[in-house]
Amino acid sequence: FKDLQIKSKPRANHTNLSRKKCIEGKVLLSVTFFSDGTVGNIKVIKGLPAGLNKQAIEAAKKLKFEPELRNNKPISITKKIEYSFWLY
C-alpha cells in the first residue's frame, strides 16, 4: 500500500481582474486522481471570484502524480488540492 505522490503541481496565476481588484485567498478543489495517471472530476469546494477558480482548475488539470497503490495495483482516489493566490 503506497500513498498518492504528487510529482509536479503547476502554479495557478492571478488574472488581470483579480490583480486589479486585489483579490487574495485560497481555492480548494476536489480532484480525482485516476489509476491511469490522469486527473478529472475537478470540483470547486471553496472558491474565489475574478476567474481564479478557472485558473486553479486549469493548473489542476496539469498535475503529475504517481497513483496510490493497493495490493501493488494503482487505484483511483479523490483528494483535496489547494491553490493560493497572494499579491506581493
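The values are calculated or read from the model by the stated rules, or taken from the named source; none is laboratory data. Since we're looking at a predicted model, the values are computed, not measured. Cβ: placed from backbone, ideal geometry, glycine included. Neighbour counts: every protein chain shown. These area figures cover heavy atoms from the full protein model, side chains too; ligands, DNA and RNA do not enter into them. Shrake-Rupley method; radii C 1.70, N 1.55, O 1.52, S 1.80 Å.
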Evaluated at 25 °C and 0.890 mPa s, the Stokes-Einstein D of the chain based on the Kirkwood radius over Cα pairs, in µm²/s, stands at 180
Net charge near T32 (other residues with Cβ under 10 Å of its Cβ; Lys, Arg +1; Asp, Glu -1) is +2
L17 versus K46: modelled label distance in nm, points set 7 Å from Cα along the beta carbon direction: 2.3
With every protein chain present, what is the per residue accessible area of the chain (1.4 Å probe, Å²)? 65
Give me the extension gain from K2 to N71: residue separation times 0.36 nm, minus the current Cα-Cα distance, reported in nm with one decimal. 23.9 nm
Label-point gap, in nm, between F34 and E82 - each point 7 angstrom along Cα→Cβ: 2.8
Which of the residue pairs K21/K79; K43/K73; K20/K62; K21/K43; K46/K73 have a Cα-Cα distance greater than 28 Å in the structure shown? K21/K79; K46/K73
